[in-house]
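*Asks:* Following this message is one structure expressed as structure tokens.
Every read-out reported here was derived from the displayed coordinates using simple, explicitly stated rules and does not represent laboratory data. Source: prediction; values computed, not measured. In this analysis, Cβ positions are derived from the backbone assuming ideal geometry, glycine residues included, and neighbour counts consider all displayed protein chains.
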Amino acid sequence: MSVPELRIPKAAIFGCAGPVLTAQERAFFAAKNPFGFILFARNVQAPDQVRALVKALRESVGRNDAPVLIDQEGGRVARLKPPHWRAAPAAAKIADLADQDIDSACEAAWLNARLIGGELAALGIDVDCAPVCDVPVAGSHDVIGDRAYGTDPGRVATIARAAALGFLDAGVLPVIKHIPGHGRARADSHLELPTVDTQRAELETTDFVPFRALADMPWAMTAHVLYTALDKERPATTSPTIIRDIIRGQIGFDGVLVSDDLSMKALGGGFAERTRAALAAGCDLALHCNGDMAEMEGVASAAGPLSEPARKRIARAASRRSSSLRGADPAKLLARFETLLVTRLAS
């Protein structure tokens with residue numbers, strides 16, 4: 001009996017509908033072979049259940065290294081919640097420490113990410129869609145709001161880098177988002193397409209700054225935002241101009257580029273069309289989150305095998321995981337983190 005030919009995974013990441021895989025989902029994933037998966041609150045009940053689901057997802061595609069993503073930022077964006085997991089604070093609360101001492105803010109960001117990363121690694125989840133590197137401005141929609149590390153681009157960059165390193169030190173790959181910047185959006189891209197009319201020169205000195213500072217990070221997620229100064233017709237996710245000239249060019253990001261969720265209402269057209277547009281623009285991976293089977297069929301029909309550049313970026317990203325601190329005592333890390341928040345914010 002010959003050894004089966006190794007299949008290159010599709011350039012897609014899918015969610016699933018509930019806390020366990022259905023027979024239909026298992027068969028679909030086995031047939032379509034997506035690169036990886038993403039979990040949401042609907043998929044989470046308890047630690048053993050999450051570990052079993054993660055295992056089942058990987059088994060469905062026959063790859064133990066298939067990445068499993070989650071959005072575990074802290075604050076209002078957290079899929080893992082008490083009583084089984086810590087209620088991590090929003091980024092803005094950590095950023096408040098920088099008013100007294102930027103070093104304390106960075107230490108707190110690292111500790112918080114290290115603690116979150118430890119929880120994820122214990123479940124088999126190896127990619128976290130965090131930190132947020134967006135820079136909110138006055139009048140922008142609060143879809144970003146306290147998820148950001150403040151409103152100063154330099155401060156956001158410094159604290160977000162500390163958080164990203166905390167994830168890496170836990171053995172979890174961070175995803176910087178939403179490149180090249182969602183902070184100016186006056187609408188929620190989950191519901192409609194935001195339009196930003198700011199001139200490129202101003203974007204370069206504000207929105208782009210944190211992403212440029214973290215351009216060496218392994219993964220990034222695009223913004224479903226239309227920047228009229230960069231591309232008058234297409235949002236960043238589906239714009240070859242923005243991905244080539246801004247994200248890969250001026251910002252200099254050469255890691256794994258994943259689209260934001262293709263099921264968000266910021267994008268128009270069918271799901272095959274959205275997928276083709278994102279991948280043709282230069283995204284390495286098309287992300288679809290809601291677990292709707294009909295929509296996933298559309299995405300799968302348009303997502304081809306991972307490109308060779310994408311495979312190289314994925315391999316390079318995987319090599320960034322650190323294991324040197326996985327044995328750190330979570331209780332000591334948490335005690336230090338809480339001390340920083342209590343003593344600094346009280347002063």
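*Asks:* Highest mean first, what order results for 199-207, 182-190 on Cβ atoms within 10 Å?
*Replies:* Descending packing order for the listed peptides: 182-190, 199-207.
*Asks:* Right, something else. Using the charge dipole of segment 222-333 (Lys, Arg: +1 at Cβ; Asp, Glu: -1 at Cβ; taken about the Cα centre), state which of Thr222, Ala302, Leu267 has its Cα farthest towards the positive end.
*Replies:* Projecting each Cα onto the dipole axis, the largest value belongs to Thr222.
*Asks:* With a Förster radius of 35 Å, plug the Cβ-Cβ distance of Thr205 and Val20 into 1/(1 + (r/R0)^6) and report the FRET value to the nearest 0.05.
*Replies:* On the way: r = 49 Å, r/R0 = 1.39.
The calculated FRET efficiency here is 0.10.
*Asks:* Same structure again: List the aspartates and glutamates whose Cα lies under 14 Å from the Cα of Lys93, skipping any in the same chain that are fewer than 8 positions away.
*Replies:* Within the straight-line limit of under 14 Å, Lys93 reaches these aspartates and glutamates: Glu73, Asp101, Glu107, Asp146, Glu338.
*Asks:* Take each uninterrupted DSSP H stretch in the chain, measure its Cα extent along the helix axis, and return the ones at 20 Å or beyond whose mean Kyte-Doolittle hydropathy is at least -0.5.
*Replies:* 47-61, 102-123, 153-169, 330-346
*Asks:* I would also like to ask the following. Under a 5 Å amide H to amide H cut-off, with H placed in plane at 1.01 Å, what residues pair with Val256 once short-range neighbours are removed?
*Replies:* Trp219, Ala220
*Asks:* Amide H of Val196 versus every other amide H placed in the peptide plane: which residues, excluding those fewer than 5 positions away on the same chain, fall under 5 Å?
*Replies:* Here the answer is Leu226, Tyr227, Thr228, since their amide H atoms fall under 5 Å of that of Val196.
*Asks:* Right, next: For a quick check: with amide H placed at 1.01 Å from N, whose amide H comes under 5 Å from Gln72's, ignoring anything fewer than 5 positions away on the same chain?
*Replies:* Under 5 Å from the amide H of Gln72: Cys129.
*Asks:* Then there's this: Could you tell me the center-to-center distance, by alpha carbons, between segment 102-132 and segment 257-276 in angstrom?
*Replies:* One Cα centre to the other: 28 Å.
*Asks:* Please give the charge dipole size of segment 250-312, origin at the Cα centre, charges +1 on K and R Cβ atoms and -1 on D and E Cβ atoms. Round to the nearest 20 debye.
*Replies:* My answer is approximately 120 debye.
*Asks:* Provide the per-residue ³J(HN,Hα) series for segment 211-227, in order, calculated from phi with Karplus coefficients 6.51, -1.76, 1.60 and θ = phi - 60°, each as a whole number of Hz, with x at glycine and proline positions.
*Replies:* Once rounded to whole Hz, the list reads 5, 5, 5, 10, 5, 8, 6, x, 9, 9, 10, 6, 9, 7, 9, 8, 9.
*Asks:* What residue among Leu333, Leu69, Leu120 shows peak mean-square fluctuation when the chain is described by a Gaussian network model with Cα springs under 10 Å?
*Replies:* Leu333
*Asks:* Work out, step by step, the length gained on full extension between Asp216 and Glu338: first 0.36 nm times the residue separation, then minus their alpha carbon distance; give nm to one decimal. Show your work: numbers first, answer last.
*Replies:* On the way: separation 122, 0.36 × 122 = 43.92 nm, distance 2.96 nm.
This chain segment gains 41.0 nm when fully extended.
*Asks:* Here's a follow-up. Looking at this model, which pairs from Lys10/Lys177; Lys32/Lys232; Lys177/Lys332; Lys55/Lys81; Lys177/Lys232 are more than 31 angstrom apart at the alpha-carbon?
*Replies:* Going by Cα-Cα distance, Lys32/Lys232 fall outside the 31 Å limit.
*Asks:* Output wanted: per-residue J couplings in Hz (rounded whole) for segment 235-245, from phi through Karplus 6.51 cos²θ - 1.76 cosθ + 1.60, θ = phi - 60°, x for Gly and Pro.
*Replies:* With the stated coefficients, segment 235-245 comes to x, 3, 4, 10, 9, x, 5, 5, 5, 6, 7 Hz.
*Asks:* Could you give the dipole magnitude of segment 186-340 about its Cα centre, charging the beta-carbon of Lys and Arg +1 and that of Asp and Glu -1, in debye to the nearest 20?
*Replies:* Magnitude of the dipole: close to 680 debye.
*Asks:* Report the Cα centroid-to-centroid distance between segment 136-170 and segment 185-233 in angstrom, as an integer.
*Replies:* If we compute the Cα centre of each part, the gap is 14 Å.
*Asks:* Follow-up question, since we're still on this one. Once both labels are modelled 7 Å past Cα along the beta-carbon direction, what's the Val77-Asp152 spacing in nm?
*Replies:* Going from the Val77 label point to the Asp152 one covers 2.3 nm.
*Asks:* What's the exposure ranking of Leu262, Leu306, going from fewest to most Cβ atoms within 10 Å? Show your work: numbers first, answer last.
*Replies:* Working: Leu262 29, Leu306 20.
With the sparsest Cβ surroundings first, the list reads Leu306, Leu262.
*Asks:* With Cα Rg over 2.2 N^0.38 Å as the read-out, I listed (i) 0.95; (ii) 1.01; (iii) 1.06; which label goes with the value calculated from this structure?
*Replies:* (i)
*Asks:* Set Lys and Arg Cβ to +1 and Asp and Glu Cβ to -1, take the dipole of segment 121-184 about its Cα centre, and tell me which of Gly154, Ala170, Val127 lies farthest positive.
*Replies:* Going by the Cα projections, it comes out as Gly154.
*Asks:* Once the piece of chain linking Ala56 and Ile8 is laid out straight, how much longer is it, given 0.36 nm per residue of separation minus the C-alpha distance between them?
*Replies:* So the chain would gain 15.3 nm between Ala56 and Ile8.
*Asks:* Placing +1 on the Cβ of each Lys and Arg and -1 on the Cβ of each Asp and Glu in segment 10-346, which of Ala27, His141, Pro180 has its Cα farthest towards the positive end of the resulting dipole?
*Replies:* The listed residue farthest towards the positive side: Ala27.
*Asks:* Could I ask something else about it? How long is segment 1-89 along each principal axis, judged by its Cα atoms, biggest number first, in Å?
*Replies:* Its Cα atoms span 52, 22, 18 Å along the three principal axes.
*Asks:* Another one. So how strong a dipole does segment 10-346 carry about its Cα centre when Lys and Arg Cβ are +1 and Asp and Glu Cβ are -1, to the nearest 20 debye?
*Replies:* On the way: 39 positive and 40 negative charges, 170 e Å.
Around 820 debye, computed over segment 10-346.
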